[in-house]
1. Where in region 20-39 is the amide nitrogen less than 15 Å from a point lying 7 Å along the Cα-to-Cβ axis of A4?
2. What does the extension gain come out to for F29 and Q54, with contour length at 0.36 nm per residue minus their alpha carbon separation?
3. Report the full-extension gain for the segment V89 to D20: residue separation times 0.36 nm, less the Cα-Cα distance, to one decimal in nm.
4. How many nm separate the modelled label positions at A67 and R37, each set 7 Å beyond the Cα in the direction of the Cβ?
Amino acid sequence: MTKAELIEEVSRVVEMTRKDSEVIVEAIFDSVVRALRGGDKIEIRGFGSFRTRQRQPRVGRNPKTGARVEVPAKRIPYFKPSKELKDLVNNDSTAAANGAMPPEGAST
């Protein structure tokens, strides 16, 4: 799903104009980015959490020339899905949403 498709879906579900839905989606994304830049953790119950992880400096190689390249330390965004989201993705979404167990014989 692209950002444009997400905006269309929000617009359709909440019966708003596409422009209003775009403002909402952009505001959510901007809030997530601001929080991660500030070093905060974002936790959305039933969906997952966003945080940053620190990568150590390392020596890489330019694939074209083979020359050594110093790669500095940096923070990278990281998303960890919640157990509930994992269950919804891997099982029947209606059963997981209702808290029901998957049918017998179904793989988990």
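Bear in mind these aren't lab numbers, they're just calculated from the coordinates by the rules spelled out. Predicted, not measured: the structure shown is a model, and the values here were computed from it. For neighbour counting, all protein chains shown are included, and Cβ atoms are generated from backbone atoms with ideal geometry for every residue, glycine included.
1. It comes to 22, nothing else.
2. My answer for the length gained is 6.9 nm.
3. 21.9 nm
4. 3.2 nm
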